[in-house]
Amino acid sequence: MLGGGQLGRFFVISAQNLGYQVTVLDPDQKSPAGLIADIHICAAYDDKSALDQIINTCFAVTTEFENIPFATLKYLENSLIVRPSSQAVSIVQNRIKEKNFLADNKFPVGPFHVIESEDQISKVPDNIFPAILKIAQFGYDGKGQVHVANSNELREAFIKSNYAPCILEKKLPLEIEVSVITARSMSGNHVFFPIAENEHINGILDTTISPGRVSNDIACKVKDYANDIAIKLGYVGVLAVEFFIVEGNIYINEIAPRPHNSGHYSLDACTNNQFDLQVRTLTDLELLDPNFHSNTVMINLLGDIWFKENKLREPNFNILIDEPKVYLHMYGKEEPRKGRKMAHFNVSGDNLNDLLVKASHLKQRLSN
């Protein structure tokens, strides 16, 4: 596993439950996945001796985030199974390549412009505003994104980005955001997890509702789009696709070549969660259906709740642990920080509205 964060940690758990040993490569000595891996190689992602160690001891390689260097994936690919492929990751790890890939293949995307130099700003039409300027690479959870209302603000934001290549996206009158996670095997077989409905705060996912409250027609269309994207990418592994629903129309927002925060409900709502299927697609095990069995609401827990009046304290997690059908998942991160994903909890049951009320109430109690 290339990457030692919480997504890698859940992968390690699933792989070990299936009898595999896992090596994690991550430069952080206390990375969540590295702490529970069979072997933790504490080195940079482009460290050749570390990569050679992986080649000599591992059967297959996958990733937990998209910013692994292309050269690293290509180097490992010459000797090992690497899923998803370096080519697929190279497209979706760069917003410009990703958006052009979607547009070139006639997938529905909102209006956008590539901004790679100041000269291009004068060519941007006024009707693109208000818009969001996003750095093409290394942005996540709202980082590297700036809202701009006009060309002057765009210019200022681009200069503040140190002229990094960016993409400018028109802000759409969003009705609802949904995501879908699919797993695709080497043979082309695929399965879907239920549609997830997502709510964000300050660019960070706050709540996921599964199944998402959308029509069957929209649910079928977003699944078809996700499957077509996977086919066009020649993708093997677990893939997440985010969508905006605007006035009944569907627009693709982003692609993630890995399990996704919005799929964490699957840990308690499905017999086979997204990390189980990541292991299965990597090792050519039978691709099992997720077997969704419980309506679920997921709540992200950020480091903010560890602070009260700017003083660090441990939240009373017994509030969650003592509740039936509430499942707490800690990420094993040593240092809580504001805005940092530290854990999540799932609330499972029957009526989604009741689950939302319960989840919101529990989060509020935890924050007090």
**Item:** Per residue solvent-accessible surface (Å²) - the chain, probe of 1.4 Å
**Value:** 45 Å²
**Reach of K171 by Cα under 28 Å, taken over lysines that are not fewer than 8 positions away in the same chain** = K97, K99, K106, K123, K134, K143, K160, K221, K223, K232, K338, K341
**Fill in**
Mean separation of Cα contacts under 8 Å (at least 6 apart) over the residue count of the chain, i.e. the relative contact order in percent, is 14 percent
**Asked** If you find the alpha carbon centre of segment 231-303 and of segment 1-25, how far apart are they in angstrom?
**Response** 17 Å
**Asked** Using modelled amide H (1.01 Å from N, peptide plane; none on Pro or chain starts), what sits under 5 Å from the amide H of G212, excluding residues fewer than 5 places away?
**Response** I195, A196, E197
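If I compute solvent accessible area with a 1.4 Å probe over the protein chains, what percent of it on segment 96-196 is carbon and sulfur?
On the way: 2580 of 5090 Å².
Solvent-exposed carbon and sulfur of segment 96-196 make up 51 percent of the total.
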**Prompt:** Quick one: net charge of N105's neighbours, Cβ under 10 Å, K/R +1, D/E -1?
**Reply:** 0
**Prompt:** In what sequence, largest accessible area first, do D28, D224 appear using a 1.4 Å probe?
**Reply:** D224, D28
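So how do 339-347, 253-261 stack up, highest first, on mean other-Cβ count within 10 Å?
Values: 339-347: 20.9, 253-261: 23.4.
Order by mean packing, descending: 253-261, 339-347.
Which value in Å is the Kirkwood Rh of segment 266-368 over different Cα pairs?
Numbers: mean 1/r = 0.0662 Å⁻¹.
For segment 266-368, the Kirkwood estimate is 15.1 Å.
Quantify how much of the Cα-Cα distance distribution of segment 1-143 extends past 28 Å, in percent. Intermediate values should be presented prior to the final figure.
Numbers: 3267 of 10153 pairs.
It works out to 32 percent of all Cα pairs.
Just to be sure I understand the rule: take each whole DSSP H helix in the chain, project its Cα atoms onto its long axis, keep it if the span is 20 Å or more and its mean Kyte-Doolittle hydropathy is at least -0.5. Which ones pass?
Working: long enough: 216-233 (26 Å, -0.06); 352-367 (22 Å, -0.16).
Helices passing the filter in the chain: 216-233, 352-367.
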**Message:** Please compute the contact order of segment 190-261 in relative form: average sequence separation of alpha-carbon pairs under 8 Å and at least six residues apart, divided by the residue count, as a percent.
**Reply:** 21 percent
**Prompt:** How much net charge surrounds I245 when only the other residues with a Cβ under 12 Å from the Cβ of I245 are counted, with Lys and Arg +1 and Asp and Glu -1?
**Reply:** -4
**Complete:** Which residues qualify? For N295, with a placed amide H closer than 5 Å and at least 5 residues away or on another chain, they are G349
**Request:** Go through segment 320-331 residue by residue and turn each phi into a ³J(HN,Hα) via Karplus (6.51, -1.76, 1.60, θ = phi - 60°); whole Hz please, and just put x for glycine and proline.
**Result:** 8, 4, 7, 8, x, 6, 10, 10, 9, 10, 8, 9
**Asked** If you add up the charges near V82, with Lys and Arg at +1 and Asp and Glu at -1, over every other residue whose beta carbon is less than 14 angstrom from its beta carbon, what do you get?
**Response** -1
**Request:** With θ set to phi - 60°, apply the Karplus curve 6.51 cos²θ - 1.76 cosθ + 1.60 along segment 247-263 and write out the HN-Hα couplings as whole Hz, x wherever there is a Gly or Pro.
**Result:** 6, x, 9, 10, 10, 7, 8, 8, 10, 10, x, 4, x, 9, 3, 6, x
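Efficiency by 1/(1 + (r/R0)^6): what FRET value for N152 and E77, r their Cβ-Cβ distance, R0 = 41 Å, to the nearest 0.05?
Values: r = 45 Å, r/R0 = 1.10.
The pair N152/E77 has a calculated efficiency of 0.35.
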**Prompt:** Relative contact order, percent, of segment 93-187 when contacts are C-alpha pairs under 8 Å separated by at least 6 residues?
**Reply:** 35 percent
**Prompt:** Probe 1.4 Å, all protein chains in place: accessible area of E199 in Å², nearest 10?
**Reply:** 80 Å²
**Request:** May I ask you to evaluate 6.51 cos²θ - 1.76 cosθ + 1.60, the Karplus curve with θ = phi - 60°, for each residue of segment 125-137 and list the ³J(HN,Hα) values in order in whole Hz, giving x for glycine and proline?
**Result:** x, 5, 6, 7, 8, x, 9, 10, 9, 10, 4, 5, 9
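The values are calculated or read from the model by the stated rules, or taken from the named source; none is laboratory data. Please read these numbers as outputs of a predicted model, since none were measured by experiment. Glycine also receives a Cβ, built like all others from the backbone with ideal geometry; neighbour counts cover every protein chain displayed. Note: areas computed on protein heavy atoms with side chains; ligands, DNA, RNA excluded. Shrake-Rupley method; radii C 1.70, N 1.55, O 1.52, S 1.80 Å.
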